[in-house]
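Step one of this worksheet: look at the structure below.
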Amino acid sequence: MKYSGVEWIGNIPEKWELTKIGQLFNLRNDKVSDREYEPLSVSKIGVVQQLENVAKSDASDDRKLVLKGDFAINSRSDRKMSCGVSPLNGSVSLINTVLYPKNSNVIYNDYMNYLLKNYGFAEEFYRWGHGIVADLWTTRWQEMKSILLPLPSLDMQKRIFSFLSAKTIEIDSLIEIENQQIEKLKEYKQAVITEAVTEGQEKNVAMKDSGIEWIEKIPEETFVVPLKFLLAEPMMYGANESGLREKIINGYRYIRITDIDADGNLKDGDENQYLTQEKGEYYNLSEGDVLFARSGGTVGKTFIYHESYGKSAFAGYLIKGKCDLNKLLPEYLYLYTQSSIYELWKQQIFIQATIQNIGANKYSMLPIIVGSLEWQKKIVSYVQTKINEIDELILCKQQKIEQLDEYKKSLIYEYVTGKKEVI
């Protein structure tokens, strides 16, 4: 082994070379239209057909050409490891750098997909960039072309690619098994919640017809009541304001739908936004307020606010429901929105609408199976205990996935930098 002189590469085998990216690749900079060339997305899973959840530009003629076999990488630091060899001809946004090999006798493209997609190169790529703030940090071709890469012989590239392909397929299949088990646990969690709100905590209780076809029977001691009759005040839309990136003295954390994860938890990090005291005070949140998403791909998602999150206001794509604490427990309402009964109600709403949108007037009519406060407390206590047990199992599965993913990253790094040798 010999020292490469490059920190992220470290030691490499004696026969390997160090070569600048600019010596291996040419820049492809042809402008095209997405009407002629299929729009593609450069994502963490590689170059794929344009994803539905990406921001789409009106500048359909202002795109970059990508041909099958080209390597495309997103130049933005907040898109780390969004890159890959394209399996298709198409077009990508101008923020991407598109490269093609100078000499196929020197570079094996599929191997380069592993080399340029490993976490060591990703960190080096962005170290060469420049910008004002983190999410505007960019690495251009003029910097990228000077980055050094470890380069084995063409035959060795092919051998490493074959080995890594087999190993990553094996690891990915183990990850997929864990993901499937997580989905089953989530389905079980929803079933536990649904059974509790529709049948109660105790077994063999007297049941009666709910009067609603898709709810069917409910416990004798409960009723189906439109949500608006269980609230302390009419449902309310959030602020139509632009948030600020920096915290403000006496200001509010600005909660948007994108700040709420799939499990209904509030994210906390660099993407946080804030409102001034003046703009946020009318939309401030109190303990137990429940927020409902009103449109888009997240329509129907819910979130329960706790004071431990800190002083907060909510944004316009969210609708606030404040429970009348003499009639409805916020924790029960939130659990209810995690049930399949709630999902069935949403489907009824979508069948009647041309777009997926649920406004305050529709949420107000959400039928809630509700009993006494004591009944609700028992349901919440029972379900929360069961959910905690299920969530522990889910967490173990997620940790196993993280370990497998880290192992895969480490394996790729060690072989593309020659730390381990293919036998």
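The values are calculated or read from the model by the stated rules, or taken from the named source; none is laboratory data. Fair warning: this is a prediction, and the values are worked out from it, not measured in the lab. In this analysis, Cβ positions are derived from the backbone assuming ideal geometry, glycine residues included, and neighbour counts consider all displayed protein chains.
Which ranges mark the helices (runs of 4 or more DSSP H) fully within segment 292-387 that have 1 or more residues being among the aliphatic types (A, V, I, L, M), closer than 19 Å to residue 265 by Cβ and touching a residue at least 12 places away in the same chain (Cβ under 8 Å)?
By residue number, 330-336.
Among (1) among the hydroxyl-bearing types (Ser, Thr, Tyr); (2) at pLDDT below 90; (3) surrounded by 19 or more Cβ atoms within 10 Å (Cβ to Cβ), where does residue 312 come up short?
Evaluating residue 312 over (1) among the hydroxyl-bearing types (Ser, Thr, Tyr); (2) at pLDDT below 90; (3) surrounded by 19 or more Cβ atoms within 10 Å (Cβ to Cβ) leaves (2) as the failure.
Within segment 22-47, can you find the residues that are part of a loop (DSSP other than H, G, I, E, B) and within 19 Å of the chain's Cα centre (by Cα)?
Across segment 22-47, the qualifying residues are 44, 45.
Is there a residue in segment 176-189 that is within 14 Å of residue 341 (Cβ to Cβ) and surrounded by 12 or more Cβ atoms within 10 Å (Cβ to Cβ)?
no
Looking at segment 231-243 only, could you name the residues that are in a loop (DSSP other than H, G, I, E, B) and modelled with pLDDT of 95 or more?
Scanning segment 231-243 gives 232, 233, 234, 235, 238.
Just to be sure I understand, how many residues within segment 276-294 are of a type in the set (S, T, N, Q) and either surrounded by fewer than 14 Cβ atoms within 10 Å (Cβ to Cβ) or not assigned by TED's automatic domain parsing to the domain that holds residue 247 (or both)?
1
Each row is one residue, and each column tells you yes or no for (1) farther than 17 Å from residue 309 by Cα; (2) in contact (Cβ under 8 Å) with a residue 24 or more places away in the chain; (3) not assigned by TED's automatic domain parsing to the domain that holds residue 306.
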| site | (1), (2), (3) |
| --- | --- |
| 199 | yes, no, yes |
| 213 | yes, no, yes |
| 218 | yes, yes, yes |
| 234 | yes, yes, no |
| 257 | no, yes, no |
| 260 | no, yes, no |
| 274 | no, yes, no |
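Given (1) touching a Phe, Trp or Tyr at 6+ places or on another chain (Cβ under 9 Å); (2) over 22 Å from residue 406 (Cα atoms); (3) assigned to a helix (DSSP H, G or I); (4) not aromatic (Phe, Trp, Tyr), identify the lone condition not met by residue 142.
(1)
Keeping to segment 82-92, report how many residues are in contact (Cβ under 8 Å) with a residue 40 or more places away in the chain and buried (at least 20 other Cβ atoms within 10 Å of the Cβ).
7
Kindly list the number of the only condition in (1) under 22 Å from residue 286 (Cβ atoms); (2) surrounded by fewer than 16 Cβ atoms within 10 Å (Cβ to Cβ) that fails for residue 246.
Going through (1) under 22 Å from residue 286 (Cβ atoms); (2) surrounded by fewer than 16 Cβ atoms within 10 Å (Cβ to Cβ) one by one, residue 246 breaks only (1).
Does segment 148-163 include one or more residues that are outside any helix (DSSP H, G or I), among the polar types (S, T, N, Q) and over 30 Å from residue 245 (Cα atoms)?
yes
If a residue must be at pLDDT 95 or above and surrounded by fewer than 16 Cβ atoms within 10 Å (Cβ to Cβ), how many such residues does segment 317-360 contain?
Counting residues in segment 317-360 that are at pLDDT 95 or above and surrounded by fewer than 16 Cβ atoms within 10 Å (Cβ to Cβ) gives 3.
Provide a single number: the residues in segment 244-253 that are at pLDDT 90 or above and farther than 10 Å from residue 276 by Cβ.
Selection size over segment 244-253: 1.
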